[in-house]
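Colleague: One structure follows; several queries about it will come next.
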Amino acid sequence: MSHTLPALPYSLNALEPHMDAMTVELHWSKHHQTYITKLNEALPAFSDRISLDLASLQKVVAGTNAAVINNAGGHYNHCLYWQNLAPIGSSNPQPFGDLAGLIDSSFGSFDEFKQKFTTAAVSRFASGWAFLTLKNDGTLAVHNTPGHDNPLMDGIGDVHGIPILTCDIWEHAYYLKYQNRRPEFVENWWRIVNWDAVVNNFEKYAKNGQAVPF
Ligand SMILES: [Fe+2]
């Protein structure tokens with residue numbers, strides 16, 4: 001299959017002022033698109049994987065090559081990232097239902113979870129991603145990954161499960177507005193998290209052991 005850039009579920013300026021329209025446009029139409037283009041170029045060398053959907057492909061990227069690993073991860077992670085964002089006021093401002101309870105029991109409170117996630121995002125050296133993941137043992141983990149690695153990738157990294165929330169901490173995600181101030185970007189990113197989508201990812205997919213499909 002040929003992978004394509006999904007439409008954003010909001011307008012380019014809908015996340016202002018915390019995420020500016022120029023950053024969203026370049027990040028989505030240039031950076032994300034480039035990962036998809038390169039993935040489509042790299043996949044034909046692995047004919048047994050070319051027909052897989054994007055989520056299934058993540059499971060079996062180990063054993064391909066750097067181009068497939070980096071660009072398959074880059075495509076999947078960005079799909080989750082865009083879906084995890086929403087204009088202020090259009091989503092519940094924090095998790096609810098079973099996910100809220102599991103966050104409280106796992107991390108102490110929602111605030112303690114946010115602190116731990118923020119630390120994971122800010123402390124990752126150079127480029128990478130921060131994740132909230134429902135691990136294969138049924139517990140939640142906050143963690144970060146280098147490059148475009150994600151917890152769906154068997155044999156890559158040390159946390160494996162279903163990612164339900166992610167924050168892009170590559171400089172291209174924030175440099176135009178925040179320059180080197182990654183902590184300020186992450187602080188404002190919390191204001192535009194789409195908790196309705198994250199809870200849906202947990203209830204509909206992660207609880208059933210399924211990767212969120214894109
Ligand atoms: Fe990115």
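Colleague: Do you know which residues across segment 138-185 are away from the ligand (no atom under 16 Å from the Cβ), without any contact (Cβ under 8 Å) to a residue 24 or more places away in the chain and either in a loop (DSSP other than H, G, I, E, B) or out of contact with any Leu (no Cβ under 8 Å at 6 or more places or on another chain) (or both)?
Modeller: Those that are away from the ligand (no atom under 16 Å from the Cβ), without any contact (Cβ under 8 Å) to a residue 24 or more places away in the chain and either in a loop (DSSP other than H, G, I, E, B) or out of contact with any Leu (no Cβ under 8 Å at 6 or more places or on another chain) (or both): G138, H143, P151, G157, D158, Q179, N180, R181, E184.
Colleague: Could you grab the pairs with beta carbons closer than 6 Å, sequence gap of 6+ or different chains, first residue in segment 25-47 and within 21 Å of A7 (Cα to Cα), second one more than 14 Å from the ligand (Cβ to nearest atom) and modelled with pLDDT under 95?
Modeller: N40/S2
Colleague: Next question. Does L57 satisfy the condition of being assigned to a loop (DSSP other than H, G, I, E, B), at pLDDT 95 or above and either under 18 Å from the mean Cα position of the chain (by Cα) or among the aliphatic types (A, V, I, L, M) (or both)?
Modeller: no
Colleague: Continuing with the same structure: For segment 76-96, indicate whether the set of residues that are part of a strand (DSSP E or B) and surrounded by 17 or more Cβ atoms within 10 Å (Cβ to Cβ) is non-empty.
Modeller: Yes, segment 76-96 contains at least one residue that is part of a strand (DSSP E or B) and surrounded by 17 or more Cβ atoms within 10 Å (Cβ to Cβ).
Colleague: Against the condition modelled with pLDDT of 95 or more, part of a loop (DSSP other than H, G, I, E, B), closer than 30 Å to K177 by Cβ and of a type in the set (G, A, S), how does S11 come out, does it pass?
Modeller: The answer is yes for S11.
Colleague: Output the number of residues of segment 11-38 satisfying the condition of being of a type outside the set (S, T, N, Q) and in contact with a Gly (Cβ under 9 Å, 6 or more places away or on another chain).
Modeller: Counting residues in segment 11-38 that are of a type outside the set (S, T, N, Q) and in contact with a Gly (Cβ under 9 Å, 6 or more places away or on another chain) gives 5.
Colleague: For the list (1) open to solvent by 50 Å² or more (accessible area, probe 1.4 Å); (2) part of a helix (DSSP H, G or I); (3) not small (G, A, S), I need the number of the one condition that I50 fails.
Modeller: Failing condition for I50: (2).
The values are calculated or read from the model by the stated rules, or taken from the named source; none is laboratory data. Everything numeric in this text was worked out from a predicted model, so none of it was measured. FYI the Cβ positions are ideal-geometry reconstructions off the backbone, even for glycines, and counts take in every protein chain you see. Surface areas here come from the heavy atoms of the whole protein model, side chains and all, with no ligands, DNA or RNA. Shrake-Rupley method; radii C 1.70, N 1.55, O 1.52, S 1.80 Å.
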